[in-house]
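Notes follow the structure.
Values in this text are rule-based calculations from the coordinates and carry no lab data. Predicted, not measured: the structure shown is a model, and the values here were computed from it. Backbone-built Cβ (ideal geometry, glycine too); neighbour counts: all protein chains shown.
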Amino acid sequence: MLPALLRRTAVFLASVVVASVLVFGFMAVLPGDPAEVALGVNASPEAVAEVRAEFGTDRSKPVQYADWAGGLSVGDFGVSYVTQESVGTQINERMQVTLILVLAAMIVSLAIALPLGTIAAARHKKASGVALSAASQVGAAVPAFLAGILLVAVFSVQLGWFPSSGWTPPDEGFGDFLRQLILPAISLGVVEGAVLTRYVRSAVLEVLREDFLRTARAKGLTPNQALVWHGLRNAAIPVITVLGLQLSTLLIGAVVIERVYVIPGLGSLLLDGVSNRDLLLVQGVVMVLVVAVLIVNYLVDVLYVVIDPRLRRS
């Protein structure tokens, strides 16, 4: 088990290094000079050169990358070209908001997918199972931002049950925090839950055809008992794979949902950085999102080893 974990850890660390090179490279080839953006089009060449030296953009690209990557290793993302504030501080404040939203959406997604996917598989030959399968297909086709707009129109504008925008930190008012979190979490989680339901259904259907499940039923267990006691664990391995991908999708989808509900998370920070051409801020946010996706994939690999004894033996 330990060698497998060490190999996966080495792959994860190598992926982070490669990702940092790619993110820096993409940002470096974008048109525009941060110094000219900061000073305006009427700035003198001398002033532009002075600001370039202040920002460090007058150095070679390998030197700039080494300085940036060295700062990342100690949590220093640099200073914003536009606001002159610490990029790391801004990311840390906004990341907490995004993580809360993503975790809440994942809870919604799992609460939908696990029971409905299992029921759809167990009743795949009955009308209820077919109806659940069809509903999941329809739900998977709905974009998250459209679901958000529809929920706002119904529950905020017409019924007035929940606010349509805003964000209150939980330590400043837990009741307001929950009311403002419900619609964004549902908007993001329902669509992903519909997608995950399809995978849960397929995984459980595959397990239902296995010989060991028929053996369990031959020993006196009911179909539901055999599925719960022996089938769901085996169905969990492919579901965990998809769950990791879904969590990565939730991180990216939060960018749009935060804009719909005016939530001050990483998505809003990223879009503000793009609109202000604050390339160092954009670079930092993109790197954090990429590393978050890599961490999710790494944890999925570790869960494989924990859940499947065959991987531990190999």
Theoretical FRET efficiency, 1/(1+(r/R0)^6), r = Cβ-Cβ of SER73 and VAL29, R0 22 Å, to 0.05: 0.40
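If packing is taken as the average number of other Cβ atoms within 10 Å across a peptide's residues, how do 186-194, 244-252, 19-27 rank, most packed first?
186-194, 244-252, 19-27
How much length, in nm to one decimal, is gained on full extension between LEU13 and ASN276, taken as 0.36 nm per residue of separation minus their Cα-Cα distance?
Once the chain is fully extended between LEU13 and ASN276, it gains 91.5 nm.
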Least to most buried among ARG201, ARG259, ARG7 (fewest other Cβ within 10 Å first): ARG7, ARG259, ARG201
